[in-house]
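Read through the structure below, which is laid out as structure tokens, and then see the notes.
The values are calculated or read from the model by the stated rules, or taken from the named source; none is laboratory data. Note that the coordinates shown come from a computational prediction; the quantities given were computed from them, not determined experimentally. Counting neighbours? That spans all protein chains shown, and the Cβs are built from the backbone with ideal geometry, glycine included. For accessibility, only protein heavy atoms count, side chains too; no ligands or nucleic acids. Shrake-Rupley method; radii C 1.70, N 1.55, O 1.52, S 1.80 Å.
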Amino acid sequence: MLDEQKIRADFPILSREIHAGKKLVYLDSAASSQKPSVVIDAMDHYYRHSNANIHRGVHKLAEEATDLYEQARKKIAVFINAPKQKQIIYTRNTTESINLVAQSWGRKFLKAGDLVVLTQMEHHSNIVPWHMLVAQLGIRLEFTRVTPDGKLDLDHFKQLLAQEPKLVGFTHMSNVLGTINPAKEMISLAHAAGAITLVDGAQSVPHFPVDVQDLDCDFLAFSSHKMLGPTGLGVLYGKLDLLRQMDPFLGGGDMIKEVKFSGFTPNELPYKFEAGTPSIAEAIGIGAAIDYLSELGMDSVEVHEQNLLTYGLERISEVPGVTVFNADPRNKGGVIAFTIGSIHPHDVAQVLDRSGIAVRAGHHCAQPLHEVFSIPATTRASFYLYNTKNEIDAFIEGLFAVQKYFMAG
Ligand code: C6P
């Protein structure tokens, strides 16, 4: 059991008041999580005491900065149970991690006519990089269907696998439906069909235990800013043989062993994929975030969010006219995307904001998924370890107020 009050005290922003004295109710962690003091302090301490570039200087500060940066890589490797630290590539975010795979693996190993299978519930960041390969290489894309109740259609997935795709990419957890896909089973099926697998872990790694060896995924992408860490840092985990075969994504300093006027020799892993001065303070920040999450235990984080989700789904069903997209709490994370009658989702979010309740409205960078449900947008509340049932009550009260406001109008 998480100690809610103790946890909330660790997040300075949660004591903020909004719009003249309204208590902040932050229900937008799927977009970006808040940061505990330990993360803010770790980055502050680095800038005040050890700030220098890494892998370049022999002086004390450069050594300290390099050590902190590499220690964070080790923490990430342990957190997702990666066999080796060098399988952890620092990027800017999930989006860049997926682009790295598309450009470094895809451009080398895919050719015109090759099939990549994705799903209809992907975030744009796991669609557009592949659209770019359609234009660049002439590959084909197929999208596993989503059922009307917001689950992945596994029969359709199997049908698409029968077409022998070269790569299967899917989100571990949908940022709109909250649906947690059966990743291990899908990976095993994809491998049996001869495909390699890319898991978008942007919404899974922050919220429940993810073990890359147990999943047996070939690539896993995720972002620091959704798991209590800073923006500007993402992670790509990859299997060693694949990472070794791939060419660098970006060229420049640090990613080379040797440069001549006639060419260059790439560096060893993971540096081959880390061109230029990286996000050093941000790596240190995610290291502190991982320490914090590990101390709480990801199992406890998952249980807490499950309780919030179950409660949230029960309570939202009291609000007349609400449609929830995937209202089944089983195999679902702490995300509730919904519409209220014909009230525009942006209006819902705006009225809630006046009461200090922060939610997101729009297509949540999953426009094709919204098209499947024939809607342009939803309002979305998303929960994290610092949220409470009282906050869900405030959110529901806010929805009743929204109703009243627009009915009266
Ligand atoms: N979803 C949301 O509000 P970046 O922006 O690269 O850190 O993460 C992209 C991304 C990839 N996959 C999934 C499943 C995601 O949810 C996201 C980010 C945010 O839902 C911002 S659009």
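Name every residue in region 193-204 that is in contact (Cβ under 8 Å) with a residue 40 or more places away in the chain and either within 13 Å of the ligand (Cβ to nearest atom) or crowded, with 24+ Cβ neighbours inside 10 Å (or both), in order of residue number. Hits for region 193-204 are Leu198, Asp200, Gly201, Ala202, Gln203, Ser204. Within region 180-192, if we keep just the residues that are among the hydrophobic types (A, V, I, L, M, F, W, C) and within 16 Å of the ligand (Cβ to nearest atom), the residue that is surrounded by the fewest Cβ atoms within 10 Å (Cβ to Cβ) turns out to be Ile180. Applying a threshold of 8 Å to beta carbon distances and a minimum spacing of six or more residues, or different chains, the list of pairs starting in region 205-226 at a residue that is away from the ligand (no atom under 16 Å from the Cβ) and ending at one that is open to solvent by 10 Å² or more (accessible area, probe 1.4 Å) and among the polar types (S, T, N, Q) reads Asp211/Asn81; Val212/Asn81; Gln213/Asn81; Asp214/Asn81; Asp216/Ser188.
Within region 272-287, the set of residues being more than 18 Å from the chain's Cα centre (by Cα) and of a type outside the set (S, T, N, Q) comprises Lys272, Phe273, Glu274, Ala275, Gly276, Pro278, Ile280, Ala281, Ile284. For region 236-254, filtered to residues that are away from the ligand (no atom under 16 Å from the Cβ) and modelled with pLDDT under 95, the residue that is surrounded by the most Cβ atoms within 10 Å (Cβ to Cβ) is Asp254. Within region 74-101, the only residue that satisfies the criterion of being away from the ligand (no atom under 16 Å from the Cβ), buried (at least 22 other Cβ atoms within 10 Å of the Cβ) and within 13 Å of Gly229 (Cβ to Cβ) is Phe79. When Val58, Val25, Val38, Val78 are screened for being over 25 Å from the mean Cα position of the chain (by Cα) and among the aliphatic types (A, V, I, L, M), only Val58 passes. Looking across region 105-115, just one residue is open to solvent by 30 Å² or more (accessible area, probe 1.4 Å), under 22 Å from Ala162 (Cβ atoms) and not in a loop (DSSP other than H, G, I, E, B), and that is Phe109.
There is at least one residue in region 218-235 that is of a type in the set (Lys, Arg), open to solvent by 20 Å² or more (accessible area, probe 1.4 Å) and closer than 25 Å to Gln306 by Cα.
Residue count for region 271-282, restricted to those that are among the β-branched types (Val, Ile, Thr), open to solvent by less than 20 Å² (accessible area, probe 1.4 Å) and not in a helix (DSSP H, G or I): 0.
Taken over region 119-137, the criterion of being touching a Ser or Thr at 6+ places or on another chain (Cβ under 9 Å) and free of Cβ contacts under 8 Å to residues at least 60 places away in the same chain is satisfied by Val128, Pro129.
Within 19 Å of Gly253 (Cα to Cα) and crowded, with 16+ Cβ neighbours inside 10 Å - does that describe any residue in region 283-295? Break it down into steps so the answer makes sense when it comes.
As a first pass, look at region 283-295 and keep what is within 19 Å of Gly253 (Cα to Cα): 283.
Narrowing further to those that are crowded, with 16+ Cβ neighbours inside 10 Å: 283.
The answer is yes; a qualifying residue exists.
The set of residues from region 39-70 being modelled with pLDDT under 95 and surrounded by fewer than 14 Cβ atoms within 10 Å (Cβ to Cβ) comprises Arg56, Gly57, Val58.
Could you look through region 6-38, keep only residues that are of a type in the set (Val, Ile, Thr) and under 28 Å from His123 (Cβ atoms), and pick out the one that is modelled with the lowest pLDDT? Write out each step before concluding.
The initial filter retains those residues of region 6-38 that are of a type in the set (Val, Ile, Thr), namely 7, 13, 18, 25, 38.
Narrowing the set further to residues that are under 28 Å from His123 (Cβ atoms) leaves 7, 13, 18, 25.
Working: Ile7: 98, Ile13: 98, Ile18: 93, Val25: 98.
Result: Ile18.
Inspect region 116-124 for any residue being within 16 Å of the ligand (Cβ to nearest atom) and assigned to a helix (DSSP H, G or I) and give the result as yes or no. Spell out how you get there, then give the answer.
Here is the first cut: in region 116-124, the ones within 16 Å of the ligand (Cβ to nearest atom) are 118-124.
This time we only want the ones that are assigned to a helix (DSSP H, G or I), so: 124.
Yes; the residues of region 116-124 include at least one that is within 16 Å of the ligand (Cβ to nearest atom) and assigned to a helix (DSSP H, G or I).
Please enumerate the residues belonging to region 9-42 that are in contact with a Ser or Thr (Cβ under 9 Å, 6 or more places away or on another chain), assigned to a loop (DSSP other than H, G, I, E, B) and within 16 Å of the ligand (Cβ to nearest atom). Of everything in region 9-42, those that are in contact with a Ser or Thr (Cβ under 9 Å, 6 or more places away or on another chain), assigned to a loop (DSSP other than H, G, I, E, B) and within 16 Å of the ligand (Cβ to nearest atom) turn out to be Leu27, Ser29, Ala30, Ala31, Ser32.
For region 344-374, a residue qualifies if it is open to solvent by less than 40 Å² (accessible area, probe 1.4 Å), over 25 Å from Lys23 (Cα atoms) and more than 18 Å from the chain's Cα centre (by Cα), and exactly one does: His370. Can you pull out every residue in region 138-179 that is touching a residue at least 60 places away in the same chain (Cβ under 8 Å) and buried (at least 23 other Cβ atoms within 10 Å of the Cβ)? Those that are touching a residue at least 60 places away in the same chain (Cβ under 8 Å) and buried (at least 23 other Cβ atoms within 10 Å of the Cβ): Val146, Leu167, Gly169, Met173, Ser174, Asn175, Val176, Leu177, Gly178, Thr179.
Restricting the first member to region 85-99 and to residues that are free of Cβ contacts under 8 Å to residues at least 60 places away in the same chain, and the second to residues that are near the ligand (Cβ under 8 Å from one of its atoms) and not in a helix (DSSP H, G or I), no beta-carbon pair is closer than 6 Å while six or more apart or on different chains. Looking at Ala135, Ala102, Ala82, just one residue is outside any helix (DSSP H, G or I), modelled with pLDDT of 95 or more and not aromatic (Phe, Trp, Tyr), and that residue is Ala82.
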